[in-house]
Amino acid sequence: MAPCMLYDDGQLSPNENDGMRPTLKSSITIAGILACLMACLGRAGEIEPTAEVRAISIGRFGDRDIGKGLPDGWRELTFDPKKFPIQSQYGVLELNGHGAVLKASTEGGVSAIYRPVDVNPKDYPYISWRWRVENIYPGIDEKTKKGDDYPARVYIGFQYDPERVNLVTRAKFNLAKRRSKDGHYPPFYVLNYVWASTLEADTWIPNPWEKRSKVVAVKSGADGLGRWHHEARHYLRDFQAIVGEDPPPIDFVAVMIDSDGSRSSGVAYFDDIELLSAPPPDLGREVPAPPQKADD
């Protein structure tokens, strides 16, 4: 029997206007408990053994989000306007056959949207999402700064931990915090899951702009364009394999489309982004093993 799903409350707390950084609550909904109990009932009222899968919803978009700009709980992430003057575009719309989804598009631009969270990776070591990419950027070299463009990214930012760095790095992070719009530290590490144009699938590279940002090619090339795909990763295990240590708590989950280097056009769609305590029961296949480092 398939594992039952228990959804934790995905509302942001506390109120964003009080100046504090929002976090995700961890209370289990009554509806989720009832659904789980019903799913666990076998014939003649017997309860079959089943595994509990707890989930935090990061991006399950609905009709309430259509046409209102950014979906509830999400924020915009932009970069130096002098270097990157064109931004990508994000919004929720109704897509035939799939309901409300997040659309991301770019015309030679770069920006992201993110949802702040505060989660221990050991409690929710899996990330799951659905995406649909309409086109790739042929001929780019993603290992270079100019080629650091991806038709779609789902990525995790991990909280800054001053105990893991030397005094010089601490000074750099403190300076970045003072310069930030919200007075918040930048992420300590970033794990990017991407649909690549040329980088081989199931491989990873360091981001050419920032070595603490790691890029994992989940899919690559034109195969599967224009169709929905359900993805899942054991990001805790991926992080351990790539970085060689346990990650700090999660700071945010983001989605992104960018083409500022290649000056390309791109469109992608996202839905059902979740952090999970176990593999999603409806995935239909094994969660991939950690990626191998791409050849230099």
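Throughout, read-outs are computed from the coordinates displayed, never taken from laboratory work. In this text, all values refer to a predicted model and were calculated from it rather than measured experimentally. Every residue, glycine as well, gets a Cβ built from its backbone with ideal geometry; the counts of neighbours run over all protein chains shown.
Sort out for me the Cα centre separation of segment 112-182 from segment 50-86, rounded to whole Å. Result: 14 Å between the Cα centres. For S213, the amide hydrogen comes within under 5 Å of the amide hydrogens of V190, N207, counting only partners 5 or more places away or on other chains and with H modelled in the peptide plane.
Taking only the alpha carbons of segment 60-293, we obtain Rg and Dmax values of 17.0, 53 Å in that order. For the cross-link pairs K177/K214; K68/K219; K68/K146; K122/K145; K177/K219, which exceed 29 Å when the distance is taken from alpha carbon to alpha carbon? With Cα atoms farther than 29 Å apart: K68/K219; K68/K146; K122/K145; K177/K219. Highest mean packing comes first when the peptides 282-289, 127-134 are listed by Cβ atoms within 10 Å, giving 127-134, 282-289. Once you list every other residue whose beta carbon is under 14 Å from the beta carbon of I66, what net charge do they have if Lys and Arg are +1 and Asp and Glu are -1? Neighbour charge sum, excluding I66 itself: -1. Which net charge results when you count Lys and Arg as +1 and Asp and Glu as -1 among the other residues whose beta-carbon is under 12 Å from that of Q292? Computed value for this residue: -3.
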